[in-house]
Amino acid sequence: MRADVITNATLLSREEIGTVSKIGVTFGISLDGTDMSTNDAIRGKGTFNKTMEVLDWCQIFHVPVAIYVTITNMNFPQLQEFGIFAKKHGVAS
């Protein structure tokens, strides 16, 4: 059985990611920009850096991740970049 958890990742700690890595959870992480200015304008100040930190921890602990994007007028120009961004950051889908 597989569990998928959708999160904005801002409240997750490194220790929690370590625990998740042992129980087989896949994260769906909300990210609405491939850069800080776009993402933070949509999701709130500081969310891009925190989400990127969690993505790094997920790579370290081999936790599978998918990125969920809500398309807006603000991030639509980055749509093509999301694929490159995801691959660069070890995102599964």
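A short reminder: the numbers here are calculations on the coordinates, not readings from a lab. Every value quoted in this text rests on a predicted model; they were computed, and no experiment measured them.
One decimal place: the segment M36-N49 gains 4.0 nm when fully extended, by the rule 0.36 nm per residue minus the C-alpha distance. The phi torsions of region 62-74, fed into the Karplus equation with coefficients 6.51, -1.76 and 1.60 and a -60° offset, translate into couplings of 6, 8, x, 9, 10, 9, 10, 10, 9, 6, 10, 4, 6 Hz, rounded to whole numbers, with Gly and Pro shown as x. Note on the chain: Rg/Rh from Cα positions, Kirkwood definition for Rh, rounded to two decimals, is 0.96.
What full-extension length gain, to one decimal in nm, is calculated for Q59 and T72 as 0.36 nm per residue of separation minus the Cα-Cα distance?
1.9 nm
Comparing mean-square fluctuations of M52, M36, M74 from a GNM of the chain with C-alpha springs under 10 Å, the top value falls on M74.
Scattering from region 8-55 was approximated by placing one identical point on each alpha carbon and applying the Debye formula without solvent; log10 I(q)/I(0) at 0.14, 0.17, 0.33 1/Å stands at -0.35, -0.49, -1.23.
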